1. Which value, to two decimals, describes the C-alpha radius of gyration of the chain once divided by 2.2 N^0.38 Å?
2. For the chain, what is the percent of antiparallel DSSP beta bridges, rounded to the nearest 5?
3. Quickly estimate the mean residue ellipticity at 222 nm for the chain, helices only: each DSSP H run with n ≥ 4 gives -39500 (n - 2.57), and the total goes over all residues, rounded to 500.
4. Along the Cα→Cβ direction, 7 angstrom out, place labels at residue 103 and residue 141. What is the inter-label distance in nm?
5. Cα gyration tensor of the range 85-175, axes a ≥ b ≥ c as square roots of the eigenvalues: rounded (a/c below 1.5), prolate (a/b > b/c) or oblate?
6. Which whole number in µm²/s is D for the range 323-481 by Stokes-Einstein, with the Kirkwood Rh taken over Cα pairs at 20 °C and 1.002 mPa s?
7. Distance between Cα centroids, the range 1-58 to the range 342-360: provide it in whole Å.
8. Compute the orientation-averaged projected area for the range 1-125 from the convex hull of its Cα atoms and round it to one decimal in nm².
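FYI, it's all coordinate maths here, none of it is from the lab. Quantities reported herein were computed from a predicted structural model and do not represent experimental measurements. No Cβ is skipped: glycine too gets one built from the backbone with ideal geometry, and neighbour counts run over all protein chains shown.
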Amino acid sequence: MQKGSVKLLFYNENADSIVASAGRISTTKGSADEIYEKSCAKDKTENIRLIQKILSSGHTSVLEHVFLNLSFDNVSVFVEQFIIEFRLASFTVKSRRYVDFGKMGYVTPGFGSCGEKAALMEDAYRRHMEYLFGEYEFLLENGIPKEDARFVLPYSFRSNFYCTVNARELVRIADEMVRGRGRTYPELEELGRSLIAQCERELPFLPFGTSGRAQEAGAGEDGRETEAERAGEAAFLTGEACGKATHSVPGAGEETVCLLSGPDHPEEMICRAAALASGVCGWRAADMTDPALQKRVIRDILSHSRRRELEQANFTILFNRVSLSGITHLVRHRMQSILVPDYLAVCDFTQYTMPESIVKAGLRERYEKAFAESRRTAAGLRESGLERGCMPYLLLSGMTAPVLTTMNANELLTFIRLRTCARAQWEVAELARELLRILRKRYPALFSLYGPGCYMDGICPEGRMSCGRMEEVRDLFSMKE
């Protein structure tokens, strides 16, 4: 089967002139258009020399004026998850909620370093992959929705997506693939080297190799596994990553959502910020403690598009158990500080999402067997010498991991508006609704105004895709005064 690839689809053809113009404008007389015309008239090598001089001084922001379109074709979903975490980029991904992935195929790692066991190990790997894809097809044939059947897909299944990114962030991404966290994983490193080679041909001034540390903190200098990595992997293989409890039943174990920190009085701060924005004298000392006043001011803020006042309040949230599929939905929100841990350190095969559709169909035992078989296969392959960098392919999409994030009140508005909607993916919708319940209990004046689009705006934003239950949904989210 063909290998996955990354392709540079498009970039600014006059990139050197654009970046050189950005470098010249701070110290050169003339208008922006005049400086650009002069840069276009310069020899390309002269522009590149100037760019390299600017970059060597640390002024890399000039690279942000160049953008690139990339396609990632038939790469593993593990690659997709790695790339999509970079927040200064835009992504469009083939949906696993609506597309049948039964025939999409999977990535097979290299077994060449496994010596005489290589052939047997590759055969065991392929048989297990075919088994899991067969289970996925079985679930679909028995009426399980695609968004639930996908939980038995291994993290080797092939993904296709587009990425648009500015040149400065591209350098950071590629360097992280080749010299940072990605170097542990052969597929990521190979894709990163391919991306760098393409860019060096077309955009030779990009400073690859200078965007960050060559070695990740905690990684061995020679690339070998550290004790921490081995300990995490042992937990992954033995089912002791987060304790021995099985969290396959929704609601079992610890709370699914925890508000770890938030300001004491965010409503007051937001209202004072609104007073400042309106030019009110004495805004810092204004009495903003009345909940009725707070709600009136916040309602007014919500009626505008800017809403910068909301960004003055930050909240740190722990989602204790999110499926690997669900994490994809979370990281798509760009304006947050999100921390997704190393999957091999926190995942194990006894902790996974159990969809209600599986239970209702009487398929729970068969579904659970897929995770048990994956655990057995992963342990056997690792014992036989499979490299750690290939182990993520054996994860299942339904396995869970904790995710930590900090969002301001404006981004929380976007998250809650989208993710509490009846049409949102059910797992993430449950997390969003539980988060909203917690926030409303602690900060009622602010978060009583938050909810799905129909609750906040009085109209359904989904058009023909509406759930058709707007009044019921609005009643559900209403907080009686």
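1. 1.10
2. About 95 percent, rounded to the nearest 5.
3. -13500 deg cm²/dmol
4. 1.5 nm
5. oblate
6. Rounded to a whole number, D works out at 119 µm²/s.
7. Cα centroid to Cα centroid, the span is 48 Å.
8. The number I arrive at for the range 1-125 is 12.6 nm².
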